[in-house]
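> The following block contains the structure, expressed as structure tokens.
Quick note: the coordinates plus some simple rules give every number you see, no bench work behind them. Keep in mind it's a predicted model, so treat the numbers as computed, not measured. Cβ sites come from the backbone with ideal geometry, for glycine too, and all protein chains shown count toward neighbours.
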Amino acid sequence: MLNVHIYKEIKNEKKQDVFVSLAERGPLHNQLIDTPYPTKEWLQPKRYAAHSAGTTYVYDFPELFRQSLSQIWTRAIAKDPTLVVPQVLLKAKELVLDDKDRLHEVWRPAGSNTVGMVAWLVDIFTPEYPKGRRIVLIGNDITHITGTFGPLEYRLFFKASELARTQGLPRVYISANSGARMGIAEEVVASFRVAWNNKENPTKGFKYLYLAPEDYRALTQGDKASVKAELVRDDDDGGEERYMITDVIGAVDGIGVENLQVLSQQKITE
């Protein structure tokens, strides 16, 4: 798609020459005028990953909506040449949650999301509504942890949906996800050891998983422990002191079975 952005050069507060968008905010807005032109847009790998998964990169959907609106206006003009096409066919402000779980309208570069759900407040200008009509657009980012659902994804989905209901706006949800997030505590994977029933023959199974004392201390220091474990002495290994793992919590929230509940809540909200 060919996108045209118009800028003017001004001096900012630091007396630096920067680009400022004249119409819709473009990717070079507030960038220094000597910013190198990218030979390959940094979003291309994300687009490739989305296309490989059989879908479209989530941040490209507003542009696809814009292209569809252009086609709608072309057909409308063919039927009624007196119609005046608006200069702007679509305006989109991204919706993000702050640390107090409140939605805010922001402008930020595509791909700046840190969760696998993206939402916008969108104004579309159609022949039926040439002055604009507002909708809430929500979509999964299939490139973020394979598009899985966790608590943060659900909160954004819920809050954006709640906004649509409160303001009486149409809500469009583009579903491209792989279900609940069943993650893994990588820091535990790198440290755990196995107490085999027979070291020489692992096919006989194992007694338990454990951590060496130094690994246990590393995984339980600070405010949040990644594991819970019990101190044991294994007589089969010369009475070695070790910590038998009873619970894996993980340093990162939203990687466990709680996401099964999150996904069911999301389905109910739909």
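> Calculate one ³J(HN,Hα) per residue across the range 230-235 by plugging θ = phi - 60° into the Karplus curve 6.51 cos²θ - 1.76 cosθ + 1.60, and present them in order as whole Hz with x for glycine and proline.
Going residue by residue, I get 10, 6, 9, 10, 8, 5 Hz, with x marking Gly and Pro.
> Which value, in debye to the nearest 20, describes the size of the charge dipole of the range 175-257 about its Cα centre when Lys and Arg Cβ atoms bear +1, Asp and Glu Cβ atoms bear -1, and nothing else is charged?
280
> Right, something else. Among Leu121, Ala180, Ala190, which residue has its Cα furthest toward the positive end of the charge dipole of the range 121-270, with +1 on Lys/Arg Cβ and -1 on Asp/Glu Cβ?
Sorting the options by dipole projection puts first Leu121.
> Compute the acute angle (0 to 90°) between the alpha-carbon long axis of helix 61-79 and the principal axis of greatest extent of the alpha-carbon atoms of the chain; round to the nearest 10°.
30
> On C-alpha positions alone, give me the angle between the axis of helix 151-167 and the longest principal axis of the chain, in degrees, nearest 10.
Once rounded, one gets 30 degrees.
> Considering only C-alpha atoms, what is the centroid distance from the range 103-175 to the range 194-242, in Å?
That distance is 45 Å.
> Mind checking the angle between helix 258-269 and the chain's longest principal axis? C-alpha axes, 0 to 90 degrees, to the nearest 10.
30
> Over 29 Å between C-alpha atoms is what I'm after, so list which of Lys204/Lys228; Lys14/Lys46; Lys46/Lys131; Lys15/Lys91; Lys199/Lys228 land there.
Table pairs above 29 Å Cα-Cα are Lys14/Lys46; Lys46/Lys131; Lys15/Lys91.
> Please compute, for the alpha-carbon atoms of the range 11-83, the extent along each of the three principal axes and give them in descending order in Å.
Between the extreme Cα coordinates on each principal axis of the range 11-83 lie 52, 41, 18 Å.
> If I compute Rg/Rh (Cα atoms, Kirkwood Rh) from the structure I just sent, which labelled value in [x] 0.99; [y] 1.13; [z] 1.04 lines up?
Entry [y].
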